[in-house]
Each structure stands twice: as C-alpha cells, then as structure tokens.
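Below: one structure, written as structure tokens.
Each reported figure results from applying straightforward, stated rules to the coordinates on display, with no laboratory input. For clarity, every value in this text was computed on a predicted model and none was experimentally measured. Counting neighbours? That spans all protein chains shown, and the Cβs are built from the backbone with ideal geometry, glycine included.
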Amino acid sequence: MLPIEHFLRAAVRFPERIAVKDGTRETTYAELARRANALAAALQEIDPSPQSRVGICAYNTVEHLLAWLATFAAGKTWIPLNPRNGKDELGRICQVTEPGIVFTDGDCAELIEYDGAHRIIGKPGDTSGDADTLDGLITRFEGKAPTRLDLPLDGVQAIKFTGGSSGQPKGCVQTYRVWNTCIASMLAEFGFDRNDRNLLAAPMTHGTNTLIMPTFAVGGCQVFMGSPKPATILDAFEDERITSVFLPPTVIYMMLEEPGIAERDFSALRHLIVGGAAMRPDEVTRAMGIFNNALETCYGQTEAPQIATCLRAEDWAEPANRASTGRATLLTRVEVMDGDGNILPRGESGEIVIKGDLVMQGYLDAPDKTKETIVDGWLHTGDIGIIDERGFVFIKDRIRDVVITGGFNVYPSDVEAILGQHPAVTECVVFGVPDRKWGEAVTAAIEVRDGVKASEEEIVAFIKDKLDSVKAPKSVHIVDQLPRSPVGKVLRREAREMFLSNDEEHAA
C-alpha cells in the first residue's frame, strides 16, 4: 500500500465530508480527489516516467496541497522547495535533484531559476507567462485518473533536505515504507479522528505535512489560513475551532506574548504538537494552562521523520517529564549508544540512535555519508541524551554543540532551560566560543520582552544562583532578534557566528 491510498480511501468512504477549508471556500473529499486525480493524469502525460521528480515551491495554499496529492497519485517523487530558503538554496536543490516538473505559485515563481523542468503555476500571481496552470490542467484532464502504478515499498516518495546548519544540506531519501510508518505512528500515538480540524500554519514543506495524511486517513479537515502570524494563528484557533496543529517552539513563545491571551477560548484544541526543536520546560508549564492542556511533542529528524518518540499531553503535564521528548513510538526502536557502538543501560548518557522502518534509505548520491550515519541499521542522530527506567527519552544537545569549558562538559540546553525562567527573557540560545583560559567560554544571546530591561550582570547572576559558575555564561548578548531558519527555529551556529569575533577579541 502506498501513502496516497490513505487519502484515496477516505475520498471513497467520506465523499461528502469537508476535506479542506480555506476562508469561506470548502471542498469535499470527492471534489478534492477528482481534482487531484485529474492533475495526476496530467503529470503522467507530461512526464510518463514512474518515480520521476516533481518540485513544489509554494506557501501554504490549496494549490500546493493539490500539487502534493497529485504528485503522489501519479507515482512521482516529491521535492519540497520552501520559498523561504531563497534563490541560491532552491537552485542548488533543483540542480542536485533534477526535477522533471516544477510547481510554483505565482508569488514565488521567480525564486526558481532552473530551466530543466516543465513549469506549472499553481496559485496565479501577476503573470504565468507561457507556463501551464494548475487549474488549466485540471480542466483539460477533467474526469480522468492516473494509471495506478504497482511500486515497491522501498520506492522513493520524497527527497527532503536537511537544514544545513552544520554544512551543505543533504538530501534524505524517504521511501514509501518510511511514510507509511510515519502515518501509522501518528495515528497510533495521537488518535486522530474524523472530527479533527488540522490548521496548516507552519510550512507544508516541513513538519506540518506529516499531519496531513493521518488527518485525511480518518476523514478530518485541513484548515488553511492567511498570514501565519502569532495573532492570526490564535484567531484561527478560536474562529475555526482548531483541534490539531504543528508549530515550532519559537512561534508558541511569541503567541504567549500576545495581549489578552489568557482570556481566549482554546477549548477545541486537543493536539498542539510541538516539533523542530525542544521547548523550554518553564514554557511548557505556562503554555499548558493557556492551551487547554493540549501540548504534545514528538522527536525525529529528516532522516527519521517526525515521530521516533512521542509525548502525549497527559504525560507532558507531569513535572518529571517536562524536559522529555517522550517514549519510542509503535514501529521504532530508540536507544542510547556509546562511541564503540554499545547500547548503554538506562540512565547513562550517550548518542541517541534509531532503528526501524521510519529510518530513511540514505542520503542522495552520498554513499559514504550514508555509511557514516546508518551503521548496522542504526541511525546515528548526533544527539546526546539519556533514556530513563520508564523509557522516557531526554535529549541534552547535539554532540557538536556541547561546550567544553575548563574540562567540564556544559550542555547548552541545560543553561537555556534556566535562562528561559528569567522574567525578562522571551527567547535564548547558548553556545561556546574559543577562550584562551577556559578552552571554550559559555556564551548566551537573548531576546527580551518589550518594555523590560535586563543587564548582562543580572542575567549571569541569575544563572549562577540556579546552576553554578561553570555553566554560567561568560558573556550575554541582548539582541532585538536572534537568527532563525525559514521555519522559525533559532539557529545556534548562526548566533555563534554573529558574536564570535567580538568574544574572541575579548578572550584574547
């Protein structure tokens, strides 16, 4: 069974249910399937080769969703192209993957400077030139359906690129088996049902897309929104009676700062799923009380998408679990391993490793890098953590992010958890910089709340009081805005680069 079957089966089972809501426009399952099938038939005529690649560059639009469904129904491989990544990065991805077809919405068509693909305009912009349009192809192939292909489960569903924070992004080859495992795990862990209304707020090119097919599988509804700003997301929660959403922690932090949030009605929320980065334990406590005790989280990587572990709301509400990312999910094994490849006992710290059908096939055209990362079937995540006696996973940091200062290992996440408790701090990041005395000096960069003042000395004293002098930052940078990825994740290495030269001069 291929992942698209989850949607196609739902269209037969729930033809008159609303599959998509976009403002005042509602689309039934039957109508969405009809349009997706027509577009898939068009894709097969344009490029008859099974498993050929289709790039999609668009913000969150119904047209993006249609192109996504049609790509899968046509038996092709999806290449997500996040328009927030910019021309250079998108051009590099296209050059590496060589898609035969590229969808772009009109407002991001100029971002794709790649001549090797058949261009299709999804949501029209100022002009479509001589490119085909999504609506035009659907009209032309009205009533047709794609040829159903009998593809192996190890066939490629998507090639998704890592963020590239540690160097050049790598293309993770995700098979049908990987996607089916992700969908099944989502359904088993979160228990979605036909009453779920999933808000597409974070980019569909990233974690948000992993909730779409599980929601479709049970007859739920995808809700589109306008500009995904913290205030408009909160409005959607109330006005659209949203039950599920995927968001990175930084967006939740910003939502918590919106005026009057404590008086809002979020009683419909059941699954506010936090992903992409760890959420500070103090903010978990605060957010639980505001968002209907609906906060949940899961852990994965592009190499093992989204849900290697899962933490449901009732478990996250327990203070002992506030820093956890949950327990291993239905079809995935998670362990901690030492540097010699030995699985460690519960409670001991080491590298988190993952095994099972959730793990990618490998990196695109990079067999040596694949062999370094997947050893004897174990995906080496590069994350340091422990698993307690109950099976709960606690991630400390990336291996390369540990700060070794004066011979002591300092995990930035430990310091960030305390920094986040300071009443002036809204967002923070901790990293190490070279230091002649200490080897590395613990350094912090913070954003503060509007109208609130905080000094470097006050912040350092706060950390020393709650941790110790070894873990306290040697310097604190107060900034208007920390560097973030296209999906809103604070970028540790970019923050480090912002202040590296000044701190090195100070250390000298």
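Rounded if a/c is under 1.5, else prolate if a/b is larger than b/c, else oblate: which is the stretch 402-507, with a ≥ b ≥ c the root eigenvalues of its Cα gyration tensor?
Numbers: a/c = 1.57, a/b = 1.21, b/c = 1.30.
The shape class here is oblate.
Quick check: residue separation of Gln95 and Thr139 times 0.36 nm, minus the Cα distance between them. What number comes out in nm? Don't skip to the end; give the middle numbers.
Working: separation 44, 0.36 × 44 = 15.84 nm, distance 3.12 nm.
So the extension gain works out to 12.7 nm.
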Whole-number D in µm² s⁻¹ for the stretch 326-470, Kirkwood Cα-pair radius fed into Stokes-Einstein, 37 °C, 0.692 mPa s: 187
Farthest toward positive dipole pole in the stretch 383-448 [+1 Lys/Arg, -1 Asp/Glu at C-beta], among Phe392, Phe408, Ala444: Phe408
Count neighbours as other Cβ atoms within 10 Å of each site's Cβ, and list the GluC sites (Glu not before Pro) in the stretch 225-266 that are DSSP loop with at most 15 such neighbours. Glu257
Pull up the DSSP beta bridges for the chain and report the antiparallel fraction as a percent, rounded to 5. 60
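So between His118 and Glu494, what do we pick up on full extension, going 0.36 nm a residue minus the alpha carbon distance?
Numbers: separation 376, 0.36 × 376 = 135.36 nm, distance 3.57 nm.
Result: 131.8 nm gained on full extension.
Greater than 19 Å separation of Cα atoms is the criterion. Which listed pairs, Lys21/Lys123; Lys76/Lys160; Lys160/Lys396; Lys160/Lys489; Lys87/Lys160; Lys437/Lys471, meet it?
Correct reply: Lys160/Lys396.
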Take the alpha-carbon centre of the stretch 357-391, take the same for the stretch 228-274, and report the distance between them in whole Å. 33
Roughly how far apart, in whole Å, are the Cα centres of the stretch 436-454 and the stretch 323-348? 32
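For the stretch 402-507, with only Lys/Arg (+1) and Asp/Glu (-1) charged at the beta-carbon, what is the dipole magnitude about the Cα centre, in debye rounded to 20? Mind dumping the intermediate values first?
Details: 13 positive and 18 negative charges, 50 e Å.
Dipole of the stretch 402-507, to the nearest 20 debye: 240 debye.
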To the nearest 20 debye, what is the magnitude of the charge dipole of the stretch 182-399 about its Cα centre, counting +1 on the Cβ of each Lys and Arg and -1 on the Cβ of each Asp and Glu? 280
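Asp235 to Asp340: extension gain in nm, 0.36 nm per residue of separation minus the Cα-Cα distance?
Working: separation 105, 0.36 × 105 = 37.80 nm, distance 5.11 nm.
Full extension from Asp235 to Asp340 adds 32.7 nm.
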What residues of the stretch 1-30 lie in the reach of a label at Arg194, counting those whose backbone N is under 12 Å from a point 7 Å from the Cα along Cα→Cβ? 10-18
Below 17 Å, Cα to Cα, which aspartates and glutamates can Lys453 reach? Residues fewer than 8 away in the same chain don't count. Glu257, Glu427, Asp480
Return the distance in nm (one decimal) between the two label points of a simple spin-label model at Arg13 and Ser469, each offset 7 Å from Cα along Cα→Cβ. 6.4
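For the stretch 336-388, which GluC sites (Glu not before Pro) pass both filters: DSSP loop (anything but H, G, I, E, B) and at most 16 other C-beta atoms within 10 Å?
Qualifying residues, ordered by number: Glu348.
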Could you give me the radius of gyration and the Dmax of the stretch 414-463, taking only the C-alpha atoms into account and expressing both in angstrom? 11.7, 37
Theoretical FRET efficiency, 1/(1+(r/R0)^6), r = Cβ-Cβ of Arg286 and Ser227, R0 30 Å, to 0.05: 0.75
Place a +1 charge on the Cβ of each Lys and Arg in the stretch 315-466 and a -1 charge on the Cβ of each Asp and Glu, then give the dipole magnitude about the Cα centre in debye, rounded to the nearest 20. 100
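Give the percent of DSSP beta bridges with both residues in the stretch 182-399 that are antiparallel, rounded to the nearest 5. Write out the running numbers ahead of the final one.
Values: 25 of 37 bridges.
Bridges in the stretch 182-399 are about 70 percent antiparallel.
For the chain, what does the helix formula give at 222 nm: sum of -39500 (n - 2.57) over DSSP H segments with n ≥ 4, over the residue count, nearest 500 deg cm²/dmol?
-9000 deg cm²/dmol
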With the dipole of the stretch 182-399 worked out from charges on the C-beta (+1 for Lys and Arg, -1 for Asp and Glu) around the Cα centre, which of Leu344, Asn292, Thr329 lies farthest toward the positive end? Asn292
At 7 Å along Cα-to-Cβ for each site, give me the label-to-label distance between Ile46 and Asp365 in nm. 2.2
